[in-house]
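Only one structure is covered here, and it is reproduced in the block below.
What follows draws every value from the coordinates through simple rules; no lab data is involved. Computed from a prediction, not measured in an experiment: that's the story for all the values here. Because the Cβ atoms are built from the backbone with ideal geometry, glycine has one as well, and the counts that use them run over all protein chains shown.
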Amino acid sequence: MMKCSEIRPRIALYIDREVTGAEALEFEAHLTECAECRREYDEMRGTVDAVRGATPLYDAAEKSYAAVRGMVAGWERRQRLRRWATAAALAAAVAVLIALAIPRFSTGRSEYEQFAARAHRNFANGAFPLDVSSSQPRVVSSWLEPRVPFHLTLPNYPEGGQKRYALAGARLMQYRGEDVAYLAYEMDRKPISLLISSSSKIVPSGGESYRSGGLTFYFSSEQGLRIISWKDKGLIYAQVSDLDVKGAESCAICHGAEGERRKFEGLGKRM
Amino acid sequence: MGCYPSLYRYARSLCGEPWEAEELLQETYKRALAAKRKPVVADADEIRPWIFTIMRHVWQNERRRMSRSQETEFDDAAAIVSDENVELAMSRKLLVSEVRAAVDSLPGPWREIIVMREIEDLTYAQIATVLGCPAGTVMSRLARARGALRQLLTPRTPEVRR
């Protein structure tokens, strides 16, 4: 049992809920038996209750808070803007990273080849007029030569033999700020497109790859179109057609004549 | 950040005049919003000890600036309470204005601790944080302040007119 000298200092602690558990029970038990301590407690309790009962004690008119409310609202607005700006900066950073990462992994194939596929579809749909229409490689070469940033002389394949395909003409296009040559061919009344660029930013790649004659050919398909891309002497080629053949066989369709087969010796050997 | 009434009451316990309290409130919010490190707490009540501390610093700095002298340490034991402005009605429930008059008549540090404990319900530990002193000091100061209030609020025996 606590003595009065131990109880007195605890009166305030008890009122302030700082005395709990067994100690509180012992405190309460003492008060029921000690009139002096009870009187002391009641007086302090009365004082505390009187003050607490006077809450809020000081009060200001609502307009007194207008200035600080405005301050806080302005601060919260700035915080929101900062959060948005941070989120936007993060999003931009992610977008830049993606933009930088994609070409490394697939733009060389997908963007350039998709561009070639789009050009092919436009040409096949008749929505893509050629700048020069001729079946003569020499005529088309002469027109393109001064307009593209690379040397271009179209060969007259197959040399001396029966042509399985025919040149239709050409057009100058812009790809990622550089001039590229679009060549249109036809075979069995089906269009074949060939895009030629000298951009060092383009790296041909694709689903399947084949090596032939020291070159690597990449084969892929997109919405029914067959796309072949390769690099040769600094130029990047993307050929698009809807010829229903797979992989390396597509080369043999155009270049399957006896005189040309030797040029593609080894074609069909998977890497 | 929306504990304006609570902070205003604390400002009133520090300053005597309502207009001073309003100025102190604004200055405190200005400093609090500009603070680089703010407490991250889910409960708005938890932010009070932090913002009370800022208010106290602002108030102390202003006092030092005005008096241009070193502040003397408050002596709880030597504090004197004047009850000349406290007019208590006899034998009836105390009015808010009467309690306010009693609280207002306390020396500043006692008034401050009474408001923090009885009105704002801050714990001893929170009060110690705001005052920058040990919890023991809080308890002894609170006991003295309560004792003074008890004296002021206890109905006095009316003088017998002869």
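Going through the cross-link list A:63/B:36; A:201/A:231; A:63/B:30, which pairs have a Cα-Cα distance over 20 Å in this structure?
As for pairs spanning more than 20 Å Cα to Cα, those are A:63/B:36.
Cross-link partners for residue B:38 among the aspartates and glutamates, with Cα-Cα distance under 13 Å and sequence neighbours closer than 8 places in the same chain left out: B:46. Counting Cβ atoms of other protein chains within 10 Å of each residue's Cβ and taking the mean over peptide A:223-229 gives 0.
Remark: spin-label model distance residue A:85-residue B:154 equals 6.2 nm, labels positioned 7 Å along the Cα→Cβ axis. Other protein chain C-beta atoms within 10 Å of residue C-beta, averaged over A:39-51: 5.
Charged neighbours of residue B:9, selected by a Cβ distance under 9 Å, balance to -1 (K, R count +1; D, E count -1). Our estimate of slack between residue A:35 and residue A:172, defined as 0.36 nm per intervening residue step minus the Cα-Cα distance, is 38.4 nm.
Each label was represented as a point 7 Å from its Cα along the Cα-to-Cβ direction; for residue A:66 and residue B:96 these points are 2.2 nm apart. Inter-chain Cβ neighbour count for B:24-30, averaged per residue, equals 4 (cutoff 10 Å, partner chain atoms only). Using a simple spin-label model with pseudo-atoms 7 Å out from Cα toward Cβ, residue B:125 and residue A:222 lie 6.5 nm apart.
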